[in-house]
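These notes are about the structure you will find just below.
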Amino acid sequence: MQTHFSPRQLADPALAEANSILRACVHCGFCTATCPTYVLLGDELDSPRGRISLVKEMLEQDKPATAAVATHLDRCLSCFACMSTCPSGVDYMHLIDTGRAHVERTYRRPWAERALRATVGAVLSHPGRLRIALALAWFARPFAGLLPARLRNMLKLAPKRPGVTATGPGTYPAAGPRRMRVALLTGCVQSVMEDSINAATVRLLTRHGVEVVVSKGASCCGALEHHLGRLDSARAAAVASIRAWCAEIDGKGLDAIVANTSGCGTLVKDYGHLFRGDPALVADATRVSELVKDISEILATLPLKFDAVQALRVVYHSACSLQHGQRITAQPVKLLTDAGFDVRQPAESHLCCGSAGSYNILQPEIAAALRDRKAANLAAVQPEVICAGNVGCLVQIRSGAKVPVVHTVELLDWATGGPAPEGLAAGR
């Protein structure tokens, strides 16, 4: 693609990077076939190719974002299926980040939208505030019919009873000889809504000789703010975790930083890029990003000891942040198969379920359509349980599924001697 940035503009590292990304695009249209919003809406401007053109025009002409541009960029799920499909290797992920940041700087949204986005950023990435919000949600549930449609939708996503957070800061020693020492990213939303995932991760790793550290001070990874286009806020949120993990690296050392929420893992693996303009933090951010592994990557290196587990029909939902963001597809399926489960994969496995961070709150109509499409594809293979490697996907799919929906690590914990995930029969 031909671009016309001025020398003055190209002196800005962000615009220079955008220029390089834009020039790689040949406008072939392969991306449209795998873009969830284009598949649903059929609008060229709601495809990666269309959004690339919008970002190009906006940045090249150095003009404020319009309502139309904000709408089409907001509708992007950042699922990155387009990157898995693109034959030219266009770095759409970083281009859409730059476009969203420009929208946040130059466009003033309607007050109701500003309030909603501010609330999402202020609540979801702060566990204490999220607990209060969930308590209010439980109180408000009987009155759901009286609430505005947007609030009713948010209420549906809240768990029906309080979660219990038990995986606090500290060191969880390995059982037997120690093979590895890792830090666990417990996640903001996950630690409040589904800490059972963290508990299963700790049990599974320590059972197989891995010492697990939950670092005091490691908090939000910044992914939720990043998804809103607030790159400065995302960086600010990430600093505490970077410092906490680097203290562990420089102290007793770490073999890896484990992410069991793939949305978080995708961003943390990109910390080196996120902090590229910060000379005080880029080296530490890069050290962290180079150590981050998805839980499935770690488990694939361990000699897991499987018990005799029921041969349940498990349909595996490959989270976009895992299959497209991190390019991890084979490990979870192999682990589940090795554990004895009858693993099935649905049609259109490349399409997003509609969760996408806070997307199902900010774009509920599109998110619901994608959820229903995903739920139908999952149901078509007649599963007894659905699993995925991202808490956002679990919450989203659970709202449209008729069978239990659990994290992959919960099934693997069960298969190696841990308790059965909630909703499944306790007997083997």
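Rounded to the nearest 10 degrees, the inclination of helix 48-60 to the longest alpha-carbon principal axis of the chain is 50 degrees.
Across region 71-99, the residues whose backbone nitrogen lies under 13 Å from the label position 7 Å along the beta-carbon direction of Leu41 are 71-78. Comparing Ala118, Phe275, Ala259 along the charge dipole axis of the chain, the residue lying farthest to the positive side is Ala118, per the Cβ-charge model. Overall, region 313-415 carries a charge dipole of about 160 debye about its Cα centre when +1 sits on the Cβ of Lys and Arg and -1 on the Cβ of Asp and Glu, all other atoms neutral. The simple Förster model, with R0 at 25 Å and r as the Cβ-Cβ distance, assigns Val26 and Tyr107 a FRET efficiency of 0.30. Based on DSSP H segments of at least four residues, each scored -39500 (n - 2.57), the chain has a per-residue ellipticity at 222 nm of -14500 deg cm²/dmol. Against the chain, whose longest principal axis is taken from its Cα atoms, helix 195-207 shows a tilt of about 60°. On the principal axes of its alpha-carbon atoms, region 7-106 has extents of 38, 29, 18 Å, going from largest to smallest.
Among Ala376, Ala356, Ala415, the residue with the largest mean-square fluctuation in a Gaussian network model of the chain, with springs joining Cα atoms closer than 10 Å, is Ala376.
The label-point distance for Ala67 and Ala379, in a model that sets each label 7 Å from Cα toward Cβ, rounds to 3.7 nm. Rounded to the nearest 10 degrees, the inclination of helix 92-106 to the longest alpha-carbon principal axis of the chain is 60 degrees. Taking 0.36 nm per residue of separation and subtracting the current Cα-Cα distance, fully stretching the chain between Ala175 and Ser84 would add 28.8 nm.
Laboratory data are not the source of any read-out in this text; all were calculated from the coordinates shown. These figures come from a predicted structure and were not determined experimentally. Virtual Cβ from ideal backbone geometry, glycine too; neighbours counted across all protein chains shown.
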